[in-house]
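Taking it in order: structure first as C-alpha cells, then the write-up.
The values are calculated or read from the model by the stated rules, or taken from the named source; none is laboratory data. The structure presented is a predicted model; accordingly, all values stated were derived computationally and were not measured. Methodologically, a virtual Cβ is constructed for each residue, glycine included, from the backbone with ideal geometry; neighbour enumeration extends over all protein chains shown. Just so you know, the surface numbers come from the protein's heavy atoms only, side chains and all, with ligands and any DNA or RNA stripped out. Shrake-Rupley method; radii C 1.70, N 1.55, O 1.52, S 1.80 Å.
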There are 2 protein chains.
Amino acid sequence: LNTFGAQVLYDFAAEPGNNELSIREGETITITNQNIGGGWIEAKNSKGEVGLVPEDYIEVSAEDDEWDEEWDDVKSSGGYAESEAGEGGAINRGGAHGSSMKIALNNGEVGPVWAYPDYQLDCVVADPKKGSKLYGLKSYIEYQVTPTTTNKPVNHRYKHFDWLYERLLEKFGSAIPIPCLPDKQVAGRFEDEFIKMRMERLQGWMTRMCRHPVISSSEVFQLFLSYKDEKDWKMGKRKAEKDETVGVMVFSTIEPEGLPDLDLIEVEQKCEQFNRFTRAMDDGVKDLLTIGNEHWKRCTGPLPKEYQRIGKAFQNLSSVFTSSGYEGEAALTDALTAAGKTYEEIAQMVAEQPKKDLHFLMETNNEYKGLLGCFPDTVGVHKAAIEKVKEADKLVAAGKITPSDKTTMSKRASTMSYSLQAEMNHFHSNRIYDYNRVMQQYLEQQVKFYEMIAEKLRHAHSRFTTM
Amino acid sequence: LNTFGAQVLYDFAAEPGNNELSIREGETITITNQNIGGGWIEAKNSKGEVGLVPEDYIEVSAEDDEWDEEWDDVKSSGGYAESEAGEGGAINRGGAHGSSMKIALNNGEVGPVWAYPDYQLDCVVADPKKGSKLYGLKSYIEYQVTPTTTNKPVNHRYKHFDWLYERLLEKFGSAIPIPCLPDKQVAGRFEDEFIKMRMERLQGWMTRMCRHPVISSSEVFQLFLSYKDEKDWKMGKRKAEKDETVGVMVFSTIEPEGLPDLDLIEVEQKCEQFNRFTRAMDDGVKDLLTIGNEHWKRCTGPLPKEYQRIGKAFQNLSSVFTSSGYEGEAALTDALTAAGKTYEEIAQMVAEQPKKDLHFLMETNNEYKGLLGCFPDTVGVHKAAIEKVKEADKLVAAGKITPSDKTTMSKRASTMSYSLQAEMNHFHSNRIYDYNRVMQQYLEQQVKFYEMIAEKLRHAHSRFTTM
C-alpha cells in the first residue's frame, strides 16, 4: 500500500505514553497507516517520528481537481438529490441582489443604518455526516445547512465554509468586519465532541452572517445557502471568484441615499470613539473569559470533589450508627444516608452545570473577541481614505489630481464614513441583543440550578425528625 | 506599682510585629503593665521576654482565699440579690436526692435504662458580664445560669464550671463519662468572639449534664444550679468536696431493681461491641470535622473571591457598554450592573454561610469527639471489675477472700454492667436526638441559602430583555 502526504489543519499535542505524535498546524506529514480506526491514523513527520494523530486534524493532499473532488462529496451525501427539486433555491437566489447591487443607507435615530430586509434570514446547521474518499483513507464531515427562506437543506464541508469566508472577506472586508471561522481552538480531542463543538460554532457564525443585511443579500452568500444543483454551484463559485467588486471597490456600490457629505473632523471623532470602545470591550471580554475559565475549572474540579466528600462522610457516619445495635436507629441512619447521597448528587450537578450555562457565556464572548479583532482593519481602511482626502488640496495644487478627482475622493470618503457608522450601529444593536440573550440564558440556568439544589436539600431535610 | 504573677490558661501564639508574647498553657508569667486596655496586658515570661498577651488567656495568682475572693465576685455582680428571694431554689434543692441516693434501673425494650425524671431539666447560660478585682488588674467573665425549674438566675465564673466538672468527674467518672469543659480550643483571639464562643459551649455542656438523670439530680449539680445564698453555696461546696461516695463507690448507690445478676460473658461482649462502636464513631466524627474545616476554608476564601470577580467583570462590561455612545443602551447596562452586584451579594452570602450552618454541625461533632474520648476510661473500670470476678474463685481457694466476698464482687460487677448498659442506651438515645437536630438545622439553613441565591438571580434575570 502506498503512502499519502497530508496537511495538518490544527495543532495537536500528543499525550505521553499513547504512541501519539505531536503535530503543528500547516505542517506536512506522511500517512503510514490509515487502518487504525477510532478516528485515529498513523503518520510520520518530517523528522521521521511516527505516531498516531486524530484524522480530523489533518487533510490528505489530494491530486485531483479540488472542486470536482469536492463535488463528489456533495453528490455522495445526497445533497444533490435534496436540492434537485430546488426551485425555491433558484427563486430565492433570483431574489438576491447581484454583486453590482446598490446598498442603501437610511438615517435612523441612531444615525446611518443599513437598509434591513423585512424578513430576517437565518439558517440551521445540523446533522453532521461522515463521508470518505480516496478508498476510505480520507474522511470528512459534511454539515446540512437549511436556510429558513427555502427550508431546503444543502450540504457543505468545513472547507466550503472556509471558501465562503474567504470570498466575504475579499469582497466586504474593507467595509464590514468578517469574523474568522471558528476553527483554531479545538474543544475536545475526541471526534464527536470536536464535531459537535465545531457545528455549534459554524451555526453561530452563519447566524451572524445571516443577520447582516449586506452579507445575507449578497450573491455569494445566497449561492452558499441555496444553490440549485451542482451546475449552479460550480458556476456560482467560479463567478464569485472572478468578482472584481472587491476591497475598497465595494464602496462604489454603496449609495448614501440623499445624505449630505460628512464633515471629516466629525467623522474622525466618531472613528476614534469607536476605536476606543472596541478596545475597551475587547479588554472586558477577555477579562470575562479569563474569570470564566477559572470558574469552570473550580466547578468541574475541587468543588464537586468536596461535596462528594461531605456526602461520603454523612454516609460513613450513617453506617457507623447502623452498627450501634441500638433499637430505633433506622430512621436516623436512613435519613443520614439519603442526605449523603443528596450531596453526592449535588457534586454531580455542580460538575455538569458549566456545560449548561457558563458554556454559552464563554462562547458568546469568544465570538465577540474574534469579531472585535476584525475592527482595527476596517477602521484602518477608513482612516487611510480620510488622510488621502486631507492631502487632496496639495495634490490638486501639485497638479497630481484634478479638482473633480478631489470631489470624487471626498464623496467616496463620506460614503465610507456612512457605511462605517452603519456598521457600528449594526454592531451595537446586535451586541445589545446578544448580551441580553446570553445573560438571560445564563441566569435562567443558574436559577434552575440553585432551585434544584434547594429542592433536593428540602427533601433530605424532611427525613430527619426530633420528636 | 508592684507586679503580679499570673497563670497562663491557654496557649497563645504571638502575631509577629505586634509586640505580642507567645505563652503556653500552665506557664507562669509576671504582669509588668496592666494599663494597656483593649483586653491586652503586658507581661514577662521566665526567659525575661516582655510582650502583650490577651488578659482572658491568663489568671492572676491571687493570695487571698480563693473561695472568699470568688464569693466577692458573685456578690459584686448581684448574683446574691437575684437569688436572695430564691425560695424556689431551696425547694428545688430539697427535692434533689442527697449524695447517698439510690439510682434505679428500669428494663426498657432497649435493655437497662436510667430512671428518667418526668420533667427534663435544662438551663440557660447567658448574659456574660465582665467583673474585675485586685484594683482592676484582674478581670473575669461571669455568666448568668438560669435553670428552667426555678427560673431564678445564679452567676458563675468559668472556674466555677470547672469546679463542678471536677466534682462530677470525681464522683461519677467511673460510671458515667463526663465530657471535659470546652476550654482548650479558643475560637477567636478577640475578647468578644472568645466569650461568645465559650458561653455557647458552656451552654452545650450544661444542657448535656442537665439531660443526664443521674447527674442532673445529684446534689452538687443542684447546688450549682440553684444555691440559695452565699452561705448555702459555701456550705454546699465544702460538703461536695468532702463527699466520700466517689469513684467506684458510686456503684454502691446503684440498685438494679429486680434485675438478675448478669452473665459475665454476655457483659464482656456488650462491652466489646460498645468499644468498637465508640472507636468507629470517633473516626467518623473526626473525618467529618476534617472535611468540614476544609469546606469552611473554601467557603470563606477562594469561592466568594471568585463570585466577586464574576460580579466585577459584569459591572466592568456594563460600564464599557455605557461608553458606546449608542442610543438605547441603558436597559442592558442597568441589567448588567444589577447582575454584577447580585454576584457580589452572593459572594458575601457564601462567605457568611458557614457561620449559619456548618458552625453547628462542627460544634456538635466537636462535642461528641470529646464525649467519645471519655468512654475508654469508663469501660476500662468496668473491664477491671470483670477481671477481678474472674479471679474470684482462685482468691477464695487461696483463702484470700470469703465466698460471700465473691458473691458481693459479682453482684457489684453485674450492677456495674447494668449501669454501663444504661449509660450506653443514654448515649445512643441522646446521639440520635442530637444528630437528627443538627442535621435538620444544617439542611434547613442550606435550603434557605440556595433559595435566597435563586431568588436573587431570578430578580437579576428579569431585568434582561430580548423583546
(message) Counting only protein heavy atoms and a 1.4 Å probe, tell me what percentage of the protein assembly as shown's accessible area is made up of carbon and sulfur.
(response) 53
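Once fully extended, how much extra length lies between A:LYS400 and A:THR32, figured as 0.36 nm per residue of separation less the alpha-carbon to alpha-carbon distance? All intermediate terms of the calculation are to be shown ahead of the outcome.
Numbers: separation 368, 0.36 × 368 = 132.48 nm, distance 6.22 nm.
Roughly 126.3 nm would be gained on extension.
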(request) Taking a label point 7 Å out from Cα toward Cβ, give me the nm distances from A:GLU166 to the same spot in the other copies, shortest first, one decimal. (result) 9.4
(message) So if I place +1 on the C-beta of Lys and Arg and -1 on the C-beta of Asp and Glu, and nothing else carries charge, what would the dipole magnitude of chain A be about its Cα centre? I want it in debye, nearest 20.
(response) 720
(message) Under the convention of a label 7 Å out along Cα→Cβ, give the distances in nm from A:ALA126 to the same position in every other copy, shortest first.
(response) 6.7
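Using a 1.4 Å probe on protein heavy atoms only, how many Å² of accessible area do B and A hide from each other, summed over both chains and rounded to 100? Mind showing how you got there, number by number?
Working: alone 24340 and 24290 Å², together 42200 Å².
Chains B and A together bury roughly 6400 Å² of accessible area.
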(request) Count, for each residue of A:310-322, the Cβ atoms from other chains sitting within 10 Å of its Cβ, then give me the mean as a whole number. (result) 5
(message) Classify region B:103-259 from the C-alpha gyration tensor, please: rounded if a/c falls under 1.5, else prolate or oblate depending on whether a/b exceeds b/c.
(response) prolate
(message) How large are Rg and Dmax for chain A when calculated on the C-alpha trace, in angstrom?
(response) 28.6, 110
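Under the rule of -39500 (n - 2.57) per DSSP H run of 4 or more residues, summed and divided by the residues of chain A, what mean residue ellipticity at 222 nm is obtained, to the nearest 500 deg cm²/dmol?
Working: 13 runs with 272 residues, N = 467.
-20000 deg cm²/dmol, from helical runs alone.
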(message) Between B:ILE141 and A:ALA13, what is the label-point separation in nm under the 7 Å Cα-to-beta-carbon projection?
(response) 5.3
(request) Would you please give the residues with an amide H less than 5 Å from that of A:ASN155, counting only those at least 5 places away or on a separate chain, with H modeled from the backbone geometry? (result) A:VAL145
(message) Principal axis extents for the protein assembly as shown, Cα atoms only, whole Å, descending order, please.
(response) 131, 72, 52
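Counting chymotrypsin sites (Phe, Trp or Tyr not before Pro) as exposed when in a DSSP loop with at most 15 other beta carbons within 10 Å, what is the longest stretch of chain A free of them? It would help to have the intermediate numbers written out before the result.
Working: sites that count: A:TYR119, A:TYR135, A:PHE190.
Between exposed loop sites, the widest span is A:191-467.
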(message) Give me the residues in region B:444-462 whose solvent-accessible area, probe 1.4 Å, is reduced by at least 50 Å² once all protein chains are included instead of the chain isolated.
(response) B:VAL447, B:TYR450, B:LEU457, B:HIS461
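Can you give me the relative contact order of region A:298-372 as a percent, contacts being Cα pairs under 8 Å and 6 or more apart? Let's see the in-between values first.
Working: 62 pairs, mean separation 32.3, N = 75.
The value is 43 percent.
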(request) Go through region B:155-166 residue by residue and turn each phi into a ³J(HN,Hα) via Karplus (6.51, -1.76, 1.60, θ = phi - 60°); whole Hz please, and just put x for glycine and proline. (result) 9, 9, 8, 3, 5, 6, 4, 5, 4, 4, 4, 4
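May I ask for the longest run of chain A untouched by GluC sites (Glu not before Pro) that are loop-located per DSSP and have at most 10 neighbouring C-beta atoms (other than their own) within 10 Å? Display every interim value, and only then the final one.
Values: sites that count: A:GLU63, A:GLU109, A:GLU244.
By the stated rule (loop sites, at most 10 other Cβ atoms within 10 Å), A:245-467.
Restricting everything to alpha-carbon atoms, can you work out Rg to Rh for region B:228-329 with a Kirkwood hydrodynamic radius? Spell out each step's value before the answer.
Values: Rg = 32.7 Å, Rh = 22.2 Å.
Reported Rg/Rh (Cα atoms, Kirkwood Rh): 1.47.
Return a whole-number percent for the relative contact order of region B:4-60, with Cα pairs under 8 Å and 6 or more residues apart as the contact set. List each step's numbers first, then the result.
Values: 124 pairs, mean separation 21.6, N = 57.
Rounded, it is 38 percent for region B:4-60.
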(message) Pairs of alpha-carbon atoms within less than 8 angstrom and 6+ residues apart define the contacts here; what relative contact order does chain A have, in percent?
(response) 15
(request) Give, ordered by residue number, each residue of region A:326-367 whose 1.4 Å probe accessible area is reduced by a minimum of 20 Å² on adding the remaining protein chains to the chain alone. (result) A:TYR326, A:GLU327, A:GLU329, A:LEU332, A:TYR343
(message) 7 Å from Cα along Cα→Cβ at both A:LYS130 and A:LYS242: what's the point-to-point distance in nm?
(response) 4.0
(message) Through the Karplus equation 6.51 cos²θ - 1.76 cosθ + 1.60, θ set to phi - 60°, convert the phi angles of region A:428-435 into ³J(HN,Hα) values in whole Hz; use x for Gly and Pro.
(response) 4, 5, 5, 4, 4, 5, 4, 6
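Go through region B:140-219 and name the trypsin sites (Lys or Arg not before Pro) that are in a DSSP coil and have 11 or fewer other Cβ atoms within 10 Å of their Cβ. Could you put the intermediate results ahead of the total?
Numbers: sites: B:ARG157, B:LYS159, B:ARG167, B:LYS171, B:LYS184, B:ARG189, B:LYS196, B:ARG198, B:ARG201, B:ARG208, B:ARG211; in loops: B:LYS184, B:ARG189.
Answer in residue order: B:LYS184.
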(message) Which residue in chain A puts its Cβ closest to the axis that rotates chain A onto chain B, and at what distance in whole Å?
(response) A:TYR450, 2
(request) May I ask you to evaluate 6.51 cos²θ - 1.76 cosθ + 1.60, the Karplus curve with θ = phi - 60°, for each residue of region B:414-425 and list the ³J(HN,Hα) values in order in whole Hz, giving x for glycine and proline? (result) 6, 4, 4, 5, 4, 5, 5, 5, 4, 5, 4, 5
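For region A:103-259, what does the accessible surface come to per residue with a 1.4 Å probe? Please give it in Å².
Accessible area per residue: 42 Å².
Once you wrap a convex hull around the alpha carbon atoms of region A:1-41, what is its projected area averaged over all directions, in nm²? Don't jump to the answer; show the numbers that get you there.
Numbers: hull surface 12.5 nm².
Taking a quarter of the hull surface, the average projection is 3.1 nm².
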(message) List the residues, sorted by chain then number, that are 5 or more residues from A:GLY173 or on another chain and whose placed amide H is less than 5 Å from its amide H.
(response) A:GLY247
(message) Using a label point 7 Å beyond Cα on the Cα-Cβ vector, give me the inter-copy distances for B:GLY380 in nanometres, one decimal, shortest first.
(response) 8.3
(request) Mind jotting down the three principal axis lengths of region B:279-463 based on Cα atoms? Whole angstrom, largest first. (result) 109, 23, 16
